[in-house]
Amino acid sequence: MQQSKKPGIWYEGIEEGLEIKIVKKLKLKNIMKKFNWPKSYEEPFAAYNLPNWIKNLGVMSDTHIPYHSMWALTEAINYFIVKKIDALLLNGDILDCYMLSKFNPDPTKRHFDQEVIAFQEFIAVLKEALPGIPIYYKLGNHEERYNKIMILRSPEFLAIKHFDFENVLGCNDMEINVIKDQRRVYAGKLPIYHGHEVNLKSVSVNPARSLFLKIHASALCSHLHRTSQHTEPSIKEDVVCYSTGHLGEEHPLYARENKWNHGIARIRLNEDGDYKVINFGLTENKLFIV
Ligand SMILES: [Fe+2]
Ligand SMILES: [Fe+2]
């Protein structure tokens, strides 16, 4: 007798035509023995589903404030205005958290308090340009620097809500929906990652293909700073992965020569959660064709 993946269902043997016959449905509660396991700190993990009224979602990421690209941001927001998006997803690495980096940050550069102010100014601009549009902010690996440095240097303050990253930024007051703990986001049926959650490292060929190799399902990610698409044909339906470009500094000191491009995406959705991804690079004043 073998147990199926569904709890409480047990199979015995395989009948003709490879049909599996359910011979017994056992109520596990009644037959399970109890054991005295040690206390478990296992935590539940659930995806974050964007509201299903969203039909035209703007996606932008990797602004790395205060190292954002002014022209790319301007172009991105103008595009979202023209295309009348009904919600905006900030898909990680919005703040650089430069001074919180473990890579020996230069103390003469911008400090975290200045980044916080710059972030609030950035949100104010978004709200003015896209009035009434809800903003969802998924934290990326750069934002996670905050918690890492808290653990390292100020663990006493970790449990104090006031010092949570989103509270320090004032996200509540600005009515920004923060998505943290590396939760997978769903826009309809499309899973969205920042990219670090599935351990995407910098790649030299096709970032979208790297995403495919990690999850073997259709999805979208940011993080690798390059617009790309990978289609994996299958006999059922094609699996299509996307990676979006960035909106930050083109040639930062830590990656002077790179294969990055500026870019954003827009996701059209229908009632059933089916989607169409419009994913493209920004090339200064050439955007209104998509
Ligand atoms: Fe990034
Ligand atoms: Fe990232």
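Numbers for the structure displayed
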| quantity | calculated |
| --- | --- |
| Alpha-carbon centroid distance for the pair region 218-290 / region 123-184, whole angstrom | 24 |
| Values of log10 I(q)/I(0), in the order q = 0.10, 0.15, 0.20 Å⁻¹, for region 168-290 under a Debye, Cα-only, solvent-free model | -0.35, -0.79, -1.24 |
| Cα Rg, Dmax (largest Cα-Cα span) when computed across the chain, Å | 22.5, 75 |
| Sum of side-chain charges, residue 228 neighbourhood, beta-carbon under 12 Å (Lys, Arg +1; Asp, Glu -1) | +3 |
| Total lysine pairs whose alpha carbons fall under 27 Å of each other in region 199-290 (8 or more apart, or interchain) | 10 |
| Debye intensity ratio I(q)/I(0), log10, region 42-197, q values 0.19, 0.20 Å⁻¹ (C-alpha model) | -1.32, -1.44 |
| Residues of region 53-72 with amide N under 19 Å of the 7 Å Cα→Cβ point at residue 106 | 64-70 |
| Low-density loop positions, trypsin sites (Lys or Arg not before Pro), region 224-289 - DSSP coil, at most 16 other Cβ in 10 Å | 236, 256, 259, 286 |
| The chain: relative contact order as a whole-number percent, Cα under 8 Å and 6+ apart | 20 |
| Additional length obtainable on full extension of the chain from residue 39 to residue 161, 0.36 nm per residue less Cα span | 41.4 nm |
| Sequence-separation-based contact order of region 114-256, relative, with Cα cut under 8 Å and 6+ spacing, percent | 17 |
| Antiparallel %, DSSP beta bridges [both residues in region 53-281], to 5 | 55 |
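Only the coordinates and a few stated rules stand behind these numbers; no lab work does. Quantities reported herein were computed from a predicted structural model and do not represent experimental measurements. Ideal geometry is used to build each Cβ from the backbone, glycine not excepted, and the neighbour counts take in all protein chains shown.
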